[in-house]
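Comments concern the structure below.
The values are calculated or read from the model by the stated rules, or taken from the named source; none is laboratory data. Quick caveat: nothing in here was measured; it's all calculated off a predicted structure. Cβ atoms come from the backbone with ideal geometry, glycine included; neighbour counts cover every protein chain shown. Each accessible area value is taken on the protein alone, full model and side chains, heavy atoms only, with ligands, DNA and RNA left out. Shrake-Rupley method; radii C 1.70, N 1.55, O 1.52, S 1.80 Å.
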Amino acid sequence: MLSILLKTIIKPFWLTLLAIFLIGSLCLITLRIINNDRTVLGLALTGVKIGGLNEGQLKNLLDEKAARFNSQKITIAYRDKTWSIAPSDFGIKIDIDRTTSAALAYGHDNDATIEQIKTLLAGQSLPIEYSVDSSKFNQSLNIFSSLQTPAKNASLKYDPQKNDFVMSEAESGTSINKGKLIADVLKTFSEPSQALPLSLIEEKPLFTGAEMSL
C-alpha cells in the first residue's frame, strides 16, 4: 500500500521537475537566439535603452544621440552664476565605434547565459566611450577663471628691514573639479535638459616651507 502511495506521489513530482527543466531550457535557448548578434535585452547606455539592437540600428541611434549631444548648450551653475557651453567646446567627443563594439560584446562572452539572464531581469547600464582633447578642455576652463585661484608655494624673500631672507607663507588655491565636470557633461547624453552644478576643489601648494625643517 505504501509503495503504491509513494509511486503515486513521486511520479508527478519527477514529471513536474522534468517539465520545469524543459521549459527553462527552452527559455534560455530562446533568449540566446533573440540576443544573437544583437545587444542583449535589458542593456542600456547611461540610461538610454539599447537592448535588442543590431549593429546598424545601434550606430544609427548613437549617431543621432551624439549629434544632439554635441549641438546642445549645457547650463553650468555655481551659486548665482551660470554659463552656457556645448560639450564640443570642452573637447569631449563620443567614440561611437568603441561604444558600439563594447555594447555588442557585452553578454556574449564565456558567461553569456548568466550575464544575459541577469541583464534581462535586473538591467545593466554601460558607460559611453569617449575621448577628451586635453588642450581644448583646459582652454575651455578659462570661462571659470573668476572662480579659480592658483596655489602659492612658500618662497624665500629678502627682507631689507631684517637684512635677512624670510620664508613667505604658502597659500592653498581653488580649481575646477575636472573629473566631475567631464562625468556630469557626459550625463547629458541621456538627460540633455539638466543643469550641471560646478564643483571646486582645493589646490594644495607643492612647497609649504615645512620641508626646510626636516
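Points to keep in mind about this one:
- Portion, in percent, of the accessible area of segment 52-101 that falls on carbon or sulfur, probe 1.4 Å: 44
- Within the straight-line cut-off of under 13 Å between alpha carbons, the aspartates and glutamates reachable from Lys73 are Asp89, Glu191, sequence neighbours fewer than 8 places apart in one chain being disregarded.
- Pairs spanning more than 32 Å between alpha-carbon atoms, out of Lys118/Lys187; Lys49/Lys81; Lys136/Lys157; Lys152/Lys180: Lys49/Lys81; Lys136/Lys157.
- Amide H contacts for Ile50 (H built 1.01 Å from N in the peptide plane; partners 5 or more residues away or on another chain; cut-off under 5 Å): Leu43, Ala44, Leu45.
- Contour excess over end-to-end distance, with Cα ends at Gln194 and Asn54 and 0.36 nm allotted per residue: 47.4 nm
- Rounded to the nearest whole Hz, the Karplus-based 3J(HN,Hα) values (6.51 cos²θ - 1.76 cosθ + 1.60, θ = phi - 60°) of segment 88-96 follow the sequence 5, 5, 7, x, 8, 10, 6, 8, 5, with x at glycine and proline.
- Phi-derived couplings, Karplus 6.51 cos²θ - 1.76 cosθ + 1.60 at θ = phi - 60°, listed residue by residue for segment 118-125: 4, 5, 5, 7, 10, x, 7, 10 Hz, with x used for Gly and Pro.
- Residues whose placed amide H lies under 5 Å from that of Ser155, excluding near-sequence neighbours: Ser168
- Cβ-derived FRET efficiency at R0 22 Å, Tyr78 paired with Ser172, nearest 0.05: 0.75
- Ignoring aspartates and glutamates fewer than eight residues from Lys204 along the same chain, the ones with Cα atoms less than 16 angstrom from its Cα are Glu169, Glu171.
- Full-extension gain in nm, Glu64 to Ile34, via 0.36 nm per residue minus C-alpha separation: 8.3 nm
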